[in-house]
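The values are calculated or read from the model by the stated rules, or taken from the named source; none is laboratory data. Quick caveat, the model's predicted, so the values are computed rather than measured. In this analysis, Cβ positions are derived from the backbone assuming ideal geometry, glycine residues included, and neighbour counts consider all displayed protein chains.
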């Protein structure tokens, strides 16, 4: 049930560093935008916020998938699911709260890296 024929692997240290760097850049841009734009140009800040959030979700969607912690099934999620589902980090790694298409359980799924076809 993998229509994209992508392969998956656990995220490496480089993936973690890149993810944290992108998150920090996102927070800095939003923070600076808040400081400089909110008083008079709040509509530009909203636009900046929405565009940067969409770019973060697109990056997540292109580079990462999920592995069900219940049955081990590996699957990719849609843009909308990636946008609205809770994400976090625990002792087992990065997770996303989604419904597994294999076992149909809604639970934490481990975030894994997509290895794109050549």
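Some observations on this one:
- Check on residue 29, surrounded by 12 or more Cβ atoms within 10 Å (Cβ to Cβ) and either at pLDDT below 90 or in a helix (DSSP H, G or I) (or both): yes
The rows are residues; the columns are (1) over 17 Å from residue 106 (Cβ atoms); (2) within 11 Å of the chain's Cα centre (by Cα); (3) in contact (Cβ under 8 Å) with a residue 12 or more places away in the chain.
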residue	(1), (2), (3)
32	yes, no, no
37	yes, no, no
40	yes, no, no
43	yes, no, no
59	yes, yes, yes
81	no, yes, yes
86	no, yes, no
89	yes, no, no
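- Tallying residues that are part of a loop (DSSP other than H, G, I, E, B) and without any contact (Cβ under 8 Å) to a residue 24 or more places away in the chain within segment 93-105 yields 1.
- Of the criteria (1) under 11 Å from the mean Cα position of the chain (by Cα); (2) under 18 Å from residue 116 (Cα atoms), which one residue 7 fails: (1)
- Hits in segment 57-92 - residues which are outside any helix (DSSP H, G or I) and in contact with a helix residue (DSSP H, G or I) (Cβ under 9 Å, 6 or more places away or on another chain): 64, 76, 77, 78, 87
- Test: residue in segment 47-56 that is without any contact (Cβ under 8 Å) to a residue 60 or more places away in the chain, part of a helix (DSSP H, G or I) and closer than 19 Å to residue 88 by Cβ: yes
- Conditions (1) surrounded by 13 or more Cβ atoms within 10 Å (Cβ to Cβ); (2) over 24 Å from residue 69 (Cβ atoms): number failed by residue 39: (1)
- The selection criterion, being exposed (fewer than 12 other Cβ atoms within 10 Å of the Cβ), under 18 Å from the mean Cα position of the chain (by Cα), without any contact (Cβ under 8 Å) to a residue 60 or more places away in the chain and closer than 29 Å to residue 7 by Cβ, holds for residue 21.
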